[in-house]
Amino acid sequence: MTSKNKFGFGPLDTSGPVSRRSRSVGPMGAAVREAADSLQETTEAKVEQRRLNARDAKEFREASQQGRVLQAISLSEISTDELPRDRLELDAVAVSAEMDELKASIRERGQKEPIEVFPGKDGRYQLKKGWRRFTALSQLLEETGDAQFSTILARVDRAEDDRITRYIDMVEENVVREDLTFAEMAQVVIAAAQDDQVEGSDPDALVGRLYASLHKMKRSYIRSFVYLLTTLGDALQWPKDVSRNLGAEVARALKSGQGDVSDLRASLANCASRDAQAVVLAGFVSGAKSGSGTKTIKTEPKEKFEFHVGDLKVTARNGECRIVGRVDFAGVPKDQLERAIRAFNAALDD
């Protein structure tokens, strides 16, 4: 009987070594495997990139919400009427030598410090901090027409702060960065007390809230100037020039009922200069201390004095009155300028 089966195959010989088939990857398999590995790496990289993008977007939103992101905003999109400024005589500041220096610096080196704004109720941005920088760029744009001055670098505070918090933010920056007078700090308190959106209208309490970071002695001086400005009103023509001690002494005398307030207001209203105002206030304090009422002190007329009317700077001296401003006086029609001078002369005669 044959050893082959019906299919014609003999039995397998398993006594010898078994040879294994080569499993090496061919060219096509290698290409497929490489493509698969590359696709996996690319997919993992994209997943990681999406994760990083999501994290960055979240951090950006948080930073933007907290006002830590700087934006270039058109000057035309910013208003300055929401918060009262903590500087008196803003018109004078706008044409001062310090403003010219700031404009020269921005023209030469650009804006280095950002301003701070917040979204107003009408959708426009409202200025919180940086009035001088905003004014300097506005003047440069008006003077040159250069588009580089049409935008301003700003932080946008989108926090839903209450009114008093925005007052505090404004004054704290300027108290640290600027040499504010006590009269200017008092003016903010008065404005806040008159603001319908601020809860509580007691000026003394508002001093404590607005200037909580200041020493209690400074807060005491601010309260004195609040009383001084409130009592004397517009009769005090140059409140910024009232020294700390003199202002406190005048306020103390007014509170104690010493001296005639009406006479003091009338004397202050007739002052032609800052020096004359200081003399009147010192005379009031001297009269209050002696118990003789308001004391009038006569002084020799000063050689010259200066003041501002709007954008115009006026220098007065014996035989001369000089008016300096951004107006092109040579471009004013002669008859119009003559009428203005005649009205000026008539006012002096009166």
Can you figure out the FRET efficiency of ASP349 with VAL261, using R₀ = 45 Å and their beta-carbon distance, to the nearest 0.05? 0.90
Gained length - HIS215 relative to GLU41, 0.36 nm times residue gap less alpha-carbon distance: 56.4 nm
What distance in nm separates the two pseudo spin-label positions at ALA97 and ALA63, each 7 Å out from Cα along the beta-carbon direction? 4.1 nm
List, in the order given, every pair from LYS121/LYS218; LYS218/LYS255; LYS129/LYS218 whose Cα-Cα distance in the structure shown is over 25 Å. LYS121/LYS218
Would you please put 317-323, 125-131 in order of how densely packed they are, using the mean number of other Cβ atoms within 10 angstrom per residue and starting with the highest? 125-131, 317-323
Spacing of the two label points (7 Å from each Cα toward its C-beta) at ARG317 and ARG244, in nm: 3.3 nm
What nm distance separates the two modelled labels at GLN197 and THR231, each placed 7 Å from Cα along Cα→Cβ? 3.3 nm
Dividing the mean separation of Cα pairs under 8 Å (6+ apart) by the residue count of the range 134-241 yields a relative contact order in percent of 24 percent
Would you mind telling me the share, in percent, of accessible area of the range 100-206 contributed by carbon and sulfur at probe 1.4 angstrom? 42 percent
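The values are calculated or read from the model by the stated rules, or taken from the named source; none is laboratory data. No experiment lies behind these values; they were computed from the predicted model shown. As a convention, Cβ positions derive from the backbone with ideal geometry for all residues, glycine included, and neighbour counts pool all protein chains shown. Ligands, DNA and RNA are excluded from the accessible area calculation, which covers all protein heavy atoms including side chains. Shrake-Rupley method; radii C 1.70, N 1.55, O 1.52, S 1.80 Å.
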